[in-house]
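The values are calculated or read from the model by the stated rules, or taken from the named source; none is laboratory data. Note that the coordinates shown come from a computational prediction; the quantities given were computed from them, not determined experimentally. Neighbour counts are summed over all protein chains in view; Cβ atoms, including those assigned to glycine, are modelled from backbone coordinates with ideal geometry.
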Amino acid sequence: MNEIVLKTEKLAYVYSDGTPFRRVAIDDVSIEIEKGELVGIIGHTGSGKSTLIQHFNGLLKQTEGTVYVKGKDIWANKSDIRQVRFTVGLCFQYPEYQLFEETVAKDIAFGPVNMGLGKEEVDRRVRQAISFVGLDSSYLDKSPFDLSGGEKRRVAIAGVMAMEPEILVLDEPCAGLDPKGRDTILELIKQYREKTGSTVIIISHSMEDVAKLATKVLVMNKGRVVAYGNVDEVYSRHNELVEMGLNIPQITSLFVRLKEKGYNVRTNIYSVEEGRKELLSILKGGREND
């Protein structure tokens, strides 16, 4: 078994406790995430996804339960929280709204500078981070406000990557982007994980995007974990997912219907390319080898 880098035990968080507006946001969440995994978190709006990830680096302190990062209770010593936030880098939805420096280089350097790193190390991290997000060093002297929306998103993500977190958490990294921009960000996240070996956690409303990337899928509903496993294990429960208001990939839905009509097809099909191969294998009277 690989090293467990992030673990929660019976985690619960209540908003406005003790008031008439009391609301349980997450309840009894116990999960383990192994080093190097890419975990996709899905669930409809209000399911507790964003509240959950804000516990991973101590931005929110749980009402009940425990969060462990690399085996240590992150709240055992309050003075350790600052280091926890360098270990677990969190990139909020629409992170480009938080850009504020006069140059891209200074924006990306903000985190490493606050870590107390020397100038040479900061510069190395800035240049490495800009390459991770697919931009060349000519962008470093530009104002972030002169960039396109997709470029701003990449710079903002690079600012978190520059801290070299062992766990990178991204809340809806593709929100608001066109299909090309979304595909670009997803590919960059995939490459970043492959190059660094970091653990990556992403929240996404797109079950297709999660299927492309994730090694594990965590499904939240009404503040609780209702499924946690690999893509096939979770997506095979398609009827339950639909009942929760989640839309399984259209191509998956098509193959599920074909199966229900008696056709001998796999239902763990999550992309058009996979669907094409499956149909060709049937038409040829056998299954293609991938």
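Any residue at all in segment 137-157 that's acidic (Asp, Glu), touching a helix residue (DSSP H, G or I) at 6+ places or on another chain (Cβ under 8 Å) and surrounded by fewer than 19 Cβ atoms within 10 Å (Cβ to Cβ)?
In the first step, residues of segment 137-157 are kept if they are acidic (Asp, Glu); the result is 141, 146, 151.
From what's left, touching a helix residue (DSSP H, G or I) at 6+ places or on another chain (Cβ under 8 Å): 141, 151.
Now drop any that are not surrounded by fewer than 19 Cβ atoms within 10 Å (Cβ to Cβ), which leaves 141.
For segment 137-157, residues acidic (Asp, Glu), touching a helix residue (DSSP H, G or I) at 6+ places or on another chain (Cβ under 8 Å) and surrounded by fewer than 19 Cβ atoms within 10 Å (Cβ to Cβ): present.
On the given criteria, is residue 190 under 24 Å from residue 113 (Cα atoms), assigned by TED's automatic domain parsing to the domain that holds residue 208 and surrounded by fewer than 19 Cβ atoms within 10 Å (Cβ to Cβ)? Against the criterion (under 24 Å from residue 113 (Cα atoms), assigned by TED's automatic domain parsing to the domain that holds residue 208 and surrounded by fewer than 19 Cβ atoms within 10 Å (Cβ to Cβ)), residue 190 does not qualify. Would you call residue 232 among the acidic types (Asp, Glu) and in contact with a Leu (Cβ under 9 Å, 6 or more places away or on another chain)? No. When residue 17 is tested against (1) surrounded by fewer than 18 Cβ atoms within 10 Å (Cβ to Cβ); (2) within 19 Å of residue 216 (Cβ to Cβ); (3) among the acidic types (Asp, Glu), only condition (2) is not met. The residue pairs whose first member lies in segment 92-103 and is assigned by TED's automatic domain parsing to the domain that holds residue 173, whose second member is of a type in the set (Val, Ile, Thr), and whose beta carbons are closer than 7 Å, counting only pairs six or more residues apart or on different chains, are 95/157; 99/155. Counted as qualifying within segment 38-111 are the strands (runs of 3 or more DSSP E) with 1 or more residues that are modelled with pLDDT of 95 or more and under 14 Å from the mean Cα position of the chain (by Cα), namely 38-42, 88-91.
Give segment 1-21 a look and list any residue that's outside any strand (DSSP E or B) and over 29 Å from residue 192 (Cα atoms), or say none.
So in segment 1-21, the residues outside any strand (DSSP E or B) come out as 1-3, 16-21.
Answer for segment 1-21, where residues must be outside any strand (DSSP E or B) and over 29 Å from residue 192 (Cα atoms): 16, 17, 18, 19, 20, 21.
Suppose the filter is assigned to a strand (DSSP E or B) and touching a Gly at 6+ places or on another chain (Cβ under 7 Å); does residue 24 pass it? Spelling it out, residue 24 is indeed assigned to a strand (DSSP E or B) and touching a Gly at 6+ places or on another chain (Cβ under 7 Å).
In the set (1) in contact with a Gly (Cβ under 8 Å, 6 or more places away or on another chain); (2) within 30 Å of residue 24 (Cβ to Cβ); (3) β-branched (Val, Ile, Thr), the condition left unmet by residue 184 is number (2). Scanning segment 255-285 for residues that are surrounded by 14 or more Cβ atoms within 10 Å (Cβ to Cβ), in contact with a helix residue (DSSP H, G or I) (Cβ under 7 Å, 6 or more places away or on another chain) and either in the same structural domain as residue 220 (by TED's automatic domain parsing) or of a type in the set (A, V, I, L, M, F, W, C) (or both) gives 255, 256, 265, 269. Looking at the structure I just gave you, is residue 33 within 14 Å of the chain's Cα centre (by Cα), crowded, with 19+ Cβ neighbours inside 10 Å, of a type outside the set (Gly, Ala, Ser) and in the same structural domain as residue 229 (by TED's automatic domain parsing)? So residue 33 fits the description; yes.
Does residue 241 meet the test of being under 16 Å from residue 42 (Cβ atoms), outside the structural domain of residue 23 (by TED's automatic domain parsing) and modelled with pLDDT of 90 or more?
Working: under 16 Å from residue 42 (Cβ atoms): yes; outside the structural domain of residue 23 (by TED's automatic domain parsing): yes; modelled with pLDDT of 90 or more: yes.
In short, yes.
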